[in-house]
Amino acid sequence: MALRHPERVTGLVVQNGNAYTEGLSDAARDFTALTPDSPGAEQAILDLFTLAATRAQYEGGTADPTLVAPEGWLLDQYFLDRPGRKEAQLALAYDYKSNIAACPDWQAWLREHRPPTLITWGTGDPFFPESGTRAYLRDVPSAELHLFPTGHFALEDHLPDIAPLIAGFLDRLPS
């Protein structure tokens, strides 16, 4: 949307949302290299959509997993288990390469428009490491960066810290 309609973007809030190849862990690189004809690829992808793996994505990298309420991962799993969802997730997984291919366009857009940007990031994210967040600062040097000792779903255990940052950021945006 930002590339097609930059005038509609007044600011960005980024929370472990990667836009840089250096922001991909080795595990993410291996995952995104999978193709439908890669031996074992389908099972490797489907293994990520089990209850244990969904829970691990929520709790992984957190300093205190007991702060992560089970409703998030249980609700995600409920919807992942609905008919047809595994096939949709397989298609999305195989297509993630298109996101990586789009990174240079996203970065060029960031450099050109330099929107007000708030970045909150869990430093324990197993797929999108901290290097991904620091890369944003090359293209949007004025971005606000806040790191938290948590995983990919930083809001799950750091909502009291992050929500005021977002509210304050939104209050500062031009109306």
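Here are some notes:
For (1) more than 29 Å from L75 (Cβ to Cβ); (2) without any contact (Cβ under 8 Å) to a residue 24 or more places away in the chain; (3) in a loop (DSSP other than H, G, I, E, B); (4) within 19 Å of the chain's Cα centre (by Cα), each residue gets a yes or a no:
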{"residue": "E22", "(1), (2), (3), (4)": "yes, no, no, yes"}
{"residue": "A28", "(1), (2), (3), (4)": "no, no, no, yes"}
{"residue": "A44", "(1), (2), (3), (4)": "no, yes, no, no"}
{"residue": "T54", "(1), (2), (3), (4)": "no, no, no, yes"}
{"residue": "Y58", "(1), (2), (3), (4)": "no, no, no, yes"}
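- Matching option when the condition is at pLDDT 95 or above, open to solvent by 30 Å² or more (accessible area, probe 1.4 Å) and either assigned to a loop (DSSP other than H, G, I, E, B) or farther than 22 Å from T10 by Cβ (or both), among P174, P160: P160
- Pair list, Cβ under 6 Å, 6 or more apart: the stretch 6-19 residue farther than 17 Å from P141 by Cβ and open to solvent by less than 40 Å² (accessible area, probe 1.4 Å), other residue modelled with pLDDT under 95 and not polar (S, T, N, Q): V9/A2; N18/G132
- Looking only at the stretch 107-132, residues that are of a type outside the set (A, V, I, L, M, F, W, C), open to solvent by less than 20 Å² (accessible area, probe 1.4 Å), more than 22 Å from Q57 (Cβ to Cβ) and not in a strand (DSSP E or B) come to 1 in all.
- The listed residues are A93, A135, and the only one of them that is touching a Leu at 6+ places or on another chain (Cβ under 9 Å), part of a helix (DSSP H, G or I), among the aliphatic types (A, V, I, L, M) and buried (at least 16 other Cβ atoms within 10 Å of the Cβ) turns out to be A93.
The values are calculated or read from the model by the stated rules, or taken from the named source; none is laboratory data. Worth saying up front: this structure is predicted, and the values here are computed from it rather than measured. Backbone-built Cβ (ideal geometry, glycine too); neighbour counts: all protein chains shown. Protein only, heavy atoms only, side chains kept; ligands, DNA and RNA dropped before computing areas. Shrake-Rupley method; radii C 1.70, N 1.55, O 1.52, S 1.80 Å.
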